[in-house]
Every structure is written in C-alpha cells, then in structure tokens.
Amino acid sequence: MDKHRVRAEGDLMAYAPQGLAEGISILAAEPVFSGILAHAGPPRFRRRRNGFGTLLHIILEQQVSLASAKAAFDRLNGAARPLTPGRFLKLSDGVLKRIGFSRQKTHYARLLAMKIQKRRLDLRAMHALPDDAARERLLALKGIGPWTADIYLLSALRRPDIWPVGDLALATAVQEVKRLRKRPSPERLEKMSAPWRPWRAVAARLFWHHYLSKRGLRSAAISL
C-alpha cells in the first residue's frame, strides 16, 4: 500500500489525494457513481486542518448555508488573527454577533475554546483515535452533535468510511441521483451505504459534488 496515499495507525487510515482517486475508481464501478463522474467529473481533493478553527467553522455551518458560514468564518479570521482559543475568548458577545454567531453558537464556541485553552481537550491528538472513540470525544462537547462530529471526522481527520446521515445536502443528492420519490431518512441512508464500505466518505464527497454541480456551484464552496 502506497505510504503517500494512506497513513495507517493501527486500524486507522487517513487518505490523501491518491486515496481519494483510488476510492473513486472503486466506486465508479457502480452506475450511481459513474453517472456523477460522467456529468460532473471527479471532485477535487480538499481537506480542513485538524484543530480549533475548523471545528468552529463547522459549528458556524450548523443549520445555515455554507456560503453564509464561510462569510462569517472569514469575518472571524479578520477579527482574531491568528485564530486561537485565547484570541477568540477576548472577542465580546457583541463582536461575535456582528460576525455571525447566534447566542447559542457563541456559548458553544466559548465552551470549546475554554476546554482547549485549559488543556481539557486536545483536538490534534484525535488523529490517533479510532473513528468511534474520536466521535465519542466530540459528542461529549456541548453543541457538537452527530452531524458536526461526522463532518469533522470526514474533512479534518480524513477518515475514509464516515457517512454523515444527518446531512441534508447528502440526502438530497442521493434522492436525485437514485431518482427516489422522497428524500431518504437517516436510517435508510445508513442501510443504502453498506455496499460502499470502506469508502463511504468518498461516496459522500461524490454525492456532494453532484449536489454542487447541479446547482452551478463550485466544489470550493465546501471542503470536499
């Protein structure tokens, strides 16, 4: 196995661009994915950094459009550069509201920043944890639900078999590509994904790629 493609740590794997290409080549054997590739081409490999800023960005993405979350995150980086827990905690609630944080997200973000600052949480050490353990560590944080944890595992830790069943864009894309009468529930999405193991994160990236391409959006709008 190409050491530049996959980094193995026990039972852990974090894929790089070549790994994305391999996952795509394997999934392309199925018409559902070959159709996406034929119409939209392959998605570009993008990753987010493992750390505080990325998790904050994903919190901002909760229940809002990716574009508005990115705009808010850009404003945040302008207000606190470099973006660290300590610098974030110095921003007033009023500043955070103008940036785009709701009162609830401000609360969650402050709790996250304090945990990291007090060394009760080490996000960068999560690369050494198996998927389930890393997800459990994230879910223990107030304001971090299954969707946020899955997106972090997929985009920042680059785990190849993460399948975020709570993502509405993913469910919509699956409905469109498979021509379903209604958007699949999280339970149905989970069952449908079984044949795509252990590359379900790549499958999700392909479905997101379809979603963005169909709507005339560039893949850069999301950290695929």
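The values are calculated or read from the model by the stated rules, or taken from the named source; none is laboratory data. Everything numeric in this text was worked out from a predicted model, so none of it was measured. Every residue, glycine among them, receives a Cβ derived from its backbone with ideal geometry; neighbour counts consider all protein chains shown. To get the accessible areas, we keep the full protein, side chains included, count just its heavy atoms, and leave off ligands, DNA and RNA. Shrake-Rupley method; radii C 1.70, N 1.55, O 1.52, S 1.80 Å.
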Projected area averaged over orientations for segment 52-205, convex hull of C-alpha atoms, nm²: 9.4 nm²
On the formula 1/(1 + (r/R0)^6), with r taken between the Cβ atoms of residue 84 and residue 215 and R0 of 35 Å, the FRET efficiency rounded to 0.05 is 0.50
Suppose each label sits 7 Å from its Cα in the direction of the beta carbon; what would the residue 25-residue 136 distance come out to in nanometres? 3.7 nm
For segment 153-224, rounded, prolate or oblate, judged on the Cα gyration tensor with a ≥ b ≥ c (square roots of eigenvalues), a/c < 1.5 rounded, else prolate if a/b > b/c? oblate
Does segment 104-157 come out rounded, prolate or oblate by the C-alpha gyration tensor, with a ≥ b ≥ c the root eigenvalues, rounded set by a/c under 1.5 and, if not, prolate when a/b is larger than b/c and oblate if not? oblate
Karplus 3J(HN,Hα) series, Hz, for segment 90-102 with 6.51 cos²θ - 1.76 cosθ + 1.60 (x for Gly, Pro): 7, 6, 6, 4, x, 5, 5, 5, 5, 5, x, 7, 6
Subtracting the Cα-Cα distance of residue 44 and residue 114 from 0.36 nm times their residue separation yields 21.7 nm
Using a 1.4 Å probe on the protein chains only, how many percent of the accessible area of the chain belongs to carbon and sulfur? 53 percent
Computed over the chain: longest principal axis from alpha-carbon atoms vs helix 52-61 long axis, angle to nearest 10 degrees, is 70 degrees
Per-peptide average of other Cβ atoms within 10 Å, ordering 111-119, 158-166 highest first: 158-166, 111-119
Across the alpha-carbon set of segment 60-123, Rg over Rh with Rh taken as the Kirkwood radius works out to 0.96
Quick one: accessible area per residue over the chain, 1.4 Å probe, rounded to a whole number of Å²? 53 Å²
Separation in nanometres of the label points that stand 7 Å from Cα toward Cβ, at residue 103 and residue 65: 2.6 nm
Integer Hz, Karplus 6.51/-1.76/1.60 couplings in order for segment 177-187, x for Gly and Pro: 5, 8, 6, 7, 5, 9, 5, x, 6, x, 5
What relative contact order, as a whole-number percentage, does the chain give when Cα pairs under 8 Å and 6 or more residues apart are counted? 26 percent
Given a Förster distance of 45 Å, report the FRET efficiency between residue 92 and residue 34 from their Cβ-Cβ distance, rounded to the nearest 0.05. 0.30
Any idea what angle helix 103-117 forms with the longest principal axis of the chain, computed on alpha-carbon atoms, 0 to 90 degrees, nearest 10? 80 degrees
Please compare each pair in 191/214; 97/118; 90/118; 70/191; 115/142 to a cut-off of 22 Å on the Cα-Cα distance and tell me which ones are over it. 191/214; 97/118; 70/191
